[in-house]
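Novice: Mind having a look at this structure? Questions to follow.
The values are calculated or read from the model by the stated rules, or taken from the named source; none is laboratory data. Treat the numbers as computed from the prediction; the structure is a model and nothing was measured. In this analysis, Cβ positions are derived from the backbone assuming ideal geometry, glycine residues included, and neighbour counts consider all displayed protein chains.
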Amino acid sequence: MKIEEVTGIGKYDEKIEKERTLYLKDEKVFLVVNKNTIEVRTDSELSKLLKEKYESVMESRYFGRGGIEIVLAGQLTKSELEDLVRLSYNLS
């Protein structure tokens, strides 16, 4: 996933760590990009719905119950992933 391609988000900072890249809005992480997964903030209802619908969606290791981790296996479309990144940005 390339964050530069996501429209509708404002300014953000990038922090590269050993195994992942963190994207921050006002010093608060809204997106974690790992090698094969991304992690975003969500509300509890959406998180529950997505975990029930897709086997590639699980509780986020970074955000815990406040987010989801998505294996980039093709179950969610690019558009759906971008919507989730926008939501996470707005929740931060």
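Novice: Suppose we filter segment 52-74 for residues that are over 19 Å from ARG20 (Cβ atoms) and either of a type in the set (Ser, Thr, Tyr) or surrounded by 15 or more Cβ atoms within 10 Å (Cβ to Cβ) (or both); how many remain? Outline the logic, then answer.
Specialist: Taking segment 52-74 as the starting set, the residues that turn out to be over 19 Å from ARG20 (Cβ atoms) are 52-55, 65, 74.
The next check asks that each one be either of a type in the set (Ser, Thr, Tyr) or surrounded by 15 or more Cβ atoms within 10 Å (Cβ to Cβ) (or both); those that pass are 54.
Residues flagged as over 19 Å from ARG20 (Cβ atoms) and either of a type in the set (Ser, Thr, Tyr) or surrounded by 15 or more Cβ atoms within 10 Å (Cβ to Cβ) (or both) within segment 52-74 amount to 1.
Novice: Now for a different question. Taking into account only those residues within segment 60-74 that are assigned to a strand (DSSP E or B) and either out of contact with any strand residue (DSSP E or B) (no Cβ under 8 Å at 6 or more places or on another chain) or farther than 18 Å from VAL85 by Cβ (or both), which is modelled with the highest pLDDT? Talk me through it step by step, then tell me what you get.
Specialist: At the first step, the residues of segment 60-74 found to be assigned to a strand (DSSP E or B) are 60, 64-71.
Going one step further and asking which of them are either out of contact with any strand residue (DSSP E or B) (no Cβ under 8 Å at 6 or more places or on another chain) or farther than 18 Å from VAL85 by Cβ (or both), we end up with 64-65.
Working: GLY64: 94, ARG65: 91.
Filtering first and then ranking leaves GLY64.
Novice: Any idea how many residues of segment 13-43 are charged (D, E, K, R) and part of a loop (DSSP other than H, G, I, E, B)?
Specialist: Filtering segment 13-43 down to residues charged (D, E, K, R) leaves 13-15, 17-20, 25-28, 35, 39, 41, 43.
Filter once more, keeping what is part of a loop (DSSP other than H, G, I, E, B): 17-20, 26-27, 35, 43.
So the count comes out to 8.
Novice: In the set LEU50, LEU81, LEU46, which member is touching a residue at least 60 places away in the same chain (Cβ under 8 Å) and either closer than 24 Å to LYS15 by Cα or in a helix (DSSP H, G or I) (or both)? So that I can check it myself, show each step before the final result.
Specialist: On the way: LEU50 fails: touching a residue at least 60 places away in the same chain (Cβ under 8 Å); LEU46 fails: touching a residue at least 60 places away in the same chain (Cβ under 8 Å).
Just one listed residue meets the conditions, LEU81.
Novice: With LYS11, LYS35 as the choices, which residue is of a type in the set (Lys, Arg), within 19 Å of ASN90 (Cα to Cα), free of Cβ contacts under 8 Å to residues at least 24 places away in the same chain and touching a Lys or Arg at 6+ places or on another chain (Cβ under 9 Å)?
Specialist: Working: LYS35 fails: within 19 Å of ASN90 (Cα to Cα).
Criteria check complete, one pass: LYS11.
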